[in-house]
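These notes are about the structure you will find just below.
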């Protein structure tokens, strides 16, 4: 993770060479340590609820190895996406993005194993497959949290003046980019709740009225956060001439992302196996409210 | 251009190796382990007296490829072919290729019994 080479935005190519020539080729060790510290803090901030959730430990040995492998691969792709579109260095090459992602995943796995061992969930008595399963299932969230923490929890680099910071913060993002970050943010926020039995239980007894209310509430919350509440960073993503159609269309798009993330996570944790259509839909909508917060508020904080 | 110091390169190297190991292990397991049902084996330890009764440690082994929930087992003491005492426990989880420990209590000394019979009553597939 190179330190101190944040440039003035990707559409400003002349300025890009200046920070690179002004600094020594290697970033200082102290700076790297600070970045790792922020990464660890971010990783734990997002994943401690999961590390302390019983269902997560159980999925570590209930899920088949191929499903765990799929989980790890999807997480890695999400990490690449996040580091590319919302990470600290908007000018980063794919090589840098890949290297950062590998590092973050490594840190995530180590932190996950360490915490589960300290909590006594992983011991020397259990089978290796169980230990690896438990570590991987929690480690992926830690890894995404590490990435978010590194990028978002830091103060702007010392060599960056205020105007540059402001420009970086104000950098507009394209709609597809927003959807990618919304997807990741929804996973981070809803990931703590998706594996719990509570969602399956809600799916069992939510009535039609409850479901309609949940859908409307989710949409209203998204619209409020994105367009009305003047949320941190919301302004730069809103088009100049805002129409009601834009508000409704974009809110619906982000809600669609939230529902997609919810359904994917529930499928992944085996909640759809043997379940009827109504049970699947109800559980998805119940989790969808949580994912909506991720896709709206979480996304703005991550980007 | 990738600019990194020695610390960052070493963390990257360690992470890379760790990822290869984890992905490799999961991939290997996915290819080699078939989705065979749980295969539960009960192993009985040595009983010792406790509070006027006898405590008998039991180990549950799952040698199959499937993790199971709520495994109910029954241990009986037999005297001359007749069951004299029965005890049961339920194990909340028994992961694939794993062992879980528990104990059952008896009024009479299991060491004096002719035979100790172990029985798996059933389990739930999660």
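What to note about this one:
- Of the residues making up the stretch B:48-67, those that are more than 12 Å from the chain's Cα centre (by Cα) and part of a strand (DSSP E or B) number 8.
- Selection count where residues are buried (at least 17 other Cβ atoms within 10 Å of the Cβ) and more than 24 Å from residue A:276 (Cα to Cα), scope the stretch A:193-229: 7
- Of the helices (runs of 4 or more DSSP H) lying entirely inside the stretch A:1-84, those containing at least 3 residues that are modelled with pLDDT of 60 or more and in contact with a helix residue (DSSP H, G or I) (Cβ under 6 Å, 6 or more places away or on another chain) are A:29-51, A:54-62.
- Only one of A:72, A:98, A:92 that is touching a residue at least 24 places away in the same chain (Cβ under 8 Å) and within 13 Å of chain B (Cβ to nearest Cβ): A:72
- Taking the criterion of being at the interface with chain A (Cβ under 7 Å from one of its Cβ atoms) and assigned to a loop (DSSP other than H, G, I, E, B), the residues of the stretch B:1-34 that qualify are B:2, B:3, B:4, B:5, B:33.
- Selection status of residue A:103, within 12 Å of chain B (Cβ to nearest Cβ) and at pLDDT 90 or above: yes
- Considering residues of the stretch B:68-126 that are away from chain A (no Cβ under 14 Å) and part of a loop (DSSP other than H, G, I, E, B) only, the residue surrounded by the most Cβ atoms within 10 Å (Cβ to Cβ): B:113
- Annotation: residue B:59 fulfils all but one of (1) in contact with a helix residue (DSSP H, G or I) (Cβ under 7 Å, 6 or more places away or on another chain); (2) within 14 Å of chain A (Cβ to nearest Cβ); the unmet one is (1).
- Residue check: residue B:31 meets all listed conditions (1) more than 21 Å from residue B:121 (Cβ to Cβ); (2) surrounded by fewer than 19 Cβ atoms within 10 Å (Cβ to Cβ); (3) in contact (Cβ under 8 Å) with a residue 12 or more places away in the chain but one, namely (3).
- Qualifying residue in the stretch A:245-258 (condition: loosely packed, with under 13 Cβ neighbours inside 10 Å, out of contact with any helix residue (DSSP H, G or I) (no Cβ under 9 Å at 6 or more places or on another chain) and modelled with pLDDT under 90): yes
- Residue A:87 vs. criteria at the interface with another protein chain (Cβ under 9 Å from one of its Cβ atoms), buried (at least 22 other Cβ atoms within 10 Å of the Cβ) and either at pLDDT 95 or above or not in a helix (DSSP H, G or I) (or both): no
- Here residue B:53 fulfils each of the conditions (1) surrounded by 12 or more Cβ atoms within 10 Å (Cβ to Cβ); (2) out of contact with any helix residue (DSSP H, G or I) (no Cβ under 9 Å at 6 or more places or on another chain); (3) under 20 Å from residue B:94 (Cα atoms) apart from (3).
- Test result for residue A:227, over 18 Å from the mean Cα position of the chain (by Cα) and not in a helix (DSSP H, G or I): no
- Scanning the stretch B:35-48 for residues that are within 14 Å of chain A (Cβ to nearest Cβ) and in contact (Cβ under 8 Å) with a residue 60 or more places away in the chain yields a count of 1.
- When residue A:82 is tested against the conditions (1) closer than 23 Å to residue A:261 by Cα; (2) within 9 Å of chain B (Cβ to nearest Cβ), the lone failure is (2).
- Residue list for the stretch A:106-131, filter: surrounded by fewer than 15 Cβ atoms within 10 Å (Cβ to Cβ) and either assigned to a loop (DSSP other than H, G, I, E, B) or at pLDDT below 95 (or both): A:119, A:120, A:123, A:124, A:125, A:128
- Conditions (1) within 14 Å of another protein chain (Cβ to nearest Cβ); (2) more than 23 Å from residue B:115 (Cβ to Cβ): number failed by residue B:51: (1)
- Residue A:271 falls short on exactly one of the conditions (1) touching a residue at least 12 places away in the same chain (Cβ under 8 Å); (2) surrounded by fewer than 18 Cβ atoms within 10 Å (Cβ to Cβ); (3) assigned to a loop (DSSP other than H, G, I, E, B), and that condition is (2).
The values are calculated or read from the model by the stated rules, or taken from the named source; none is laboratory data. Here the structure is a predicted model, which is why all the values come from computation and not from measurement. Positions of Cβ are generated from backbone atoms using ideal geometry, with glycine treated the same way; all protein chains shown enter the neighbour counts.
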